[in-house]
1. Which one is surrounded by the most Cβ atoms within 10 Å (Cβ to Cβ) among residues in the range B:40-61 that are within 14 Å of another protein chain (Cβ to nearest Cβ) and part of a helix (DSSP H, G or I)?
2. Considering each residue of the range A:156-203, count those that are modelled with pLDDT under 90, closer than 15 Å to A:ARG145 by Cα and in a helix (DSSP H, G or I), and give that number.
3. Quick check: anything in the range A:80-95 within 18 Å of the chain's Cα centre (by Cα) and farther than 26 Å from A:ASP191 by Cα?
4. Could you tell me how many of the residues in the range B:111-131 are surrounded by 18 or more Cβ atoms within 10 Å (Cβ to Cβ) and either under 15 Å from B:LEU185 (Cα atoms) or in contact (Cβ under 8 Å) with a residue 60 or more places away in the chain (or both)?
5. Mind checking which pairs have a first residue in the range A:79-100 that is assigned by TED's automatic domain parsing to the domain that holds A:VAL147 and a second that is buried (at least 18 other Cβ atoms within 10 Å of the Cβ) and hydroxyl-bearing (Ser, Thr, Tyr), Cβ under 6 Å, 6 or more apart or different chains?
6. Given the conditions (1) closer than 22 Å to B:PRO108 by Cα; (2) in contact with a helix residue (DSSP H, G or I) (Cβ under 8 Å, 6 or more places away or on another chain), report the number of the one that B:ASP58 does not fulfil.
7. Of the conditions (1) buried (at least 18 other Cβ atoms within 10 Å of the Cβ); (2) of a type in the set (A, V, I, L, M); (3) at pLDDT below 95; (4) more than 24 Å from A:LEU188 (Cβ to Cβ), A:ALA26 fails just one. Which one is it?
8. Can you give me the number of residues within the range A:109-127 that are closer than 15 Å to A:LEU69 by Cα and more than 8 Å from chain B (Cβ to nearest Cβ)?
Number of protein chains: 2
Amino acid sequence: MIKAMPRQVDHDERRRHIVEALLRIAGTRGLDAVSLREVAQQAEVSMGAVQHYFATKDEMLAYALKHWLDLSIHAGFTARVAARLSGRTGPRDVLSALAAEYLPYDDPSRFDARVALAFLARAAVDEALAAALVPAFAGFVATLRAVLAGAGAAGSGAAGSGAAGSGEAQRLASMLDGLRQVVLLGVLDRDEALALVEDHLNLIVGH
Amino acid sequence: MIKAMPRQVDHDERRRHIVEALLRIAGTRGLDAVSLREVAQQAEVSMGAVQHYFATKDEMLAYALKHWLDLSIHAGFTARVAARLSGRTGPRDVLSALAAEYLPYDDPSRFDARVALAFLARAAVDEALAAALVPAFAGFVATLRAVLAGAGAAGSGAAGSGAAGSGEAQRLASMLDGLRQVVLLGVLDRDEALALVEDHLNLIVGH
């Protein structure tokens, strides 16, 4: 047991090291460019080492998605939204901070948006990845719904709670998804997109 | 000249035949699965024939995107929206028909949504494809803007014209993009998504 413990830790670290290499490729050149050879080269390990930890590309992608959701999204995103708020807790402040953090604004956030889009496109043809992504979508909607319900409870808008609030949260989440993509592609300026979201928030929860 | 004309027609037909094979792969297994070998096999031509018409995968993808936008989207989508309307021309009818056609409802429309998502993800790491996609995004927003302006002119809502109408169109387009994706992934039922859009239309243009 004493010998087995550190080995287990090493294995997990090695797996993370490999999928972080995969994510760097996905965020710069897309999942198209992900191959055994490219991942091994990016991770600076042998192809045999990659194959030792992941039997198939699908298995490696599933592990990479889980790792990315845990670290970059759940932990990183939440911390960055909190940093934007710096103590403010009003529902409208939280909604604005969530939107501002979701729309790409620098290289790391563009990287995350590209990785998200790469996994999304892959999930459309891969049921296992789709199943792994569903909780992330549901979690984002649940967060928005809770904040919108707070806005409704505070009497600052007409559409914050109940069934209407739930629909409002899904509409806002999907609007943010779509705007994130057009900002990423350069169809729309980030500041324009953010102004569009603020106008929508004025409409649904008031100022 | 008399001999050259039919040869030119053959070349264009052959190129379309090849990229239609590529699109079948993209719509079922994603752009990841697109390779010289797979496209040649799907098109039932030699790999040399594919290489004769397309020097690189990027060139083939660019041609495939253009062909798909021309046929499946501009022509096909417009015709299917018109069929849904069957003569009705009210702005609200048109908006509902556009939304109903945009959210996947059968195998061909799910296929189109998967192809769109595959090209979108690729465009996030390929500037030439991004440039080719921008007019499609802009065209969809312009269509929605024109219909929303009609709704505003008819006095049926508060946000149909001018700068507000323009923002409303982009918001609606992005909301539809995001909803299309969650419907495609099975996160949300299509009928639920459509009901969410109808509620939003009630809010922005009235009944």
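1. Here the answer is B:LEU61.
2. The qualifying residues number 5.
3. Checked against the condition, which is being within 18 Å of the chain's Cα centre (by Cα) and farther than 26 Å from A:ASP191 by Cα, the range A:80-95 yields no hits at all.
4. Residues that pass the stated criteria total 12.
5. none
6. (1)
7. Going through the list (1) buried (at least 18 other Cβ atoms within 10 Å of the Cβ); (2) of a type in the set (A, V, I, L, M); (3) at pLDDT below 95; (4) more than 24 Å from A:LEU188 (Cβ to Cβ), A:ALA26 breaks only (4).
8. Of the residues in the range A:109-127, 6 are closer than 15 Å to A:LEU69 by Cα and more than 8 Å from chain B (Cβ to nearest Cβ).
The values are calculated or read from the model by the stated rules, or taken from the named source; none is laboratory data. Remember, it's a predicted structure, so these values are computed and weren't measured experimentally. With ideal geometry, Cβ positions are generated from the backbone for all residues, glycine too; neighbour counts draw on all protein chains shown.
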